[in-house]
Amino acid sequence: AVNPSTALVEALRDINLSGVDLHTLILPVVRGVADDSLLAAIEALSPSHVLIFGEAGGRAQITHERVAVTVDDYRSEDNAGPQPRGEPVVRGGPVGYFSTLPIDAMVAAMNSVGADAAVSNSAGTFLCNRVFYRTMHHLSCDASGTRAGFVHLPSLHEQVPSGQNARPSMSLRVLVDAARQMIQVLAR
């Protein structure tokens, strides 16, 4: 019902980022629909950069993913019901793709404003990894020069009940500040 990536993208729509032509898209949590929707938007817009966000409930930090792997292995169903196990994201595709964004600079910029951020080496094997992999595969097959990457977000405070067993969470304000920093790094 609540997704920090949706909340962040909605908040970014209302922010003026000087010198940045920002386009946003909220993807459904549905295999095949999310990735196809993003690829269609990339084709239509020809952006210089693609910054993809997704939720990683349980993580305490904003984590910029280094690599996407070609495996769909869902521990649970997506919002439409499929639960693939051990299937390739793209048949015959390479084992993985690295982010083409300046992830270390982006992480440093986020940390500089108090947003706890790090680099992660596993985007998992759920929909986030699939969207990241398909985006990188698509961009590797064209000559646009578009650079892309994926960022996992912790849960929002309102998603997590308080108490001793509470999962890590962040405020939307911190996520927005972090996103501003990432976008400013890309604008340079």
Stretchable slack from Asp142 to Asp36, in nm (0.36 nm times residue separation minus alpha-carbon distance): 36.6 nm
Label-zone membership for the range 145-161, site Gln184, 7 angstrom Cα→C-beta point, backbone N under 11 Å: none
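Could you rank the peptides 131-141, 17-27 by their average count of other C-beta atoms within 10 Å per residue, with the highest value first?
Answer by packing, highest mean first, reads 131-141, 17-27.
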Fraction in percent of alpha-carbon pairs per bin - 5 Å, the chain: 1, 8, 17, 21, 22, 16, 10, 4, 1, 0, 0
Calculated FRET efficiency for the pair Val90/Asp14, C-beta based, R₀ 25 Å, to 0.05: 0.10
For the range 8-55, convex hull volume per residue from C-alpha positions, Å³: 78
Translational diffusion coefficient (Stokes-Einstein; Kirkwood radius from C-alpha pairs) of the range 144-188 at 25 °C, 0.890 mPa s, in µm²/s: 194
FRET efficiency, Ser162 to Ser46 (Cβ-Cβ, R0 41 Å, nearest 0.05): 0.35
Tensor-based shape of the range 103-151 (alpha-carbon gyration tensor, a/c under 1.5 rounded, otherwise prolate or oblate): oblate
Portion, in percent, of the accessible area of the chain that falls on carbon or sulfur, probe 1.4 Å: 49
P(r) tail fraction, the range 87-188 - alpha-carbon pairs more than 24 Å apart, %: 34
DSSP bridge orientation in the chain - percent antiparallel, rounded to nearest 5: 35
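The values are calculated or read from the model by the stated rules, or taken from the named source; none is laboratory data. Here the structure is a predicted model, which means the values were calculated and not measured. Note that we place each Cβ from the backbone using ideal geometry, even for glycine, and neighbour counts take in every protein chain shown. For accessibility, only protein heavy atoms count, side chains too; no ligands or nucleic acids. Shrake-Rupley method; radii C 1.70, N 1.55, O 1.52, S 1.80 Å.
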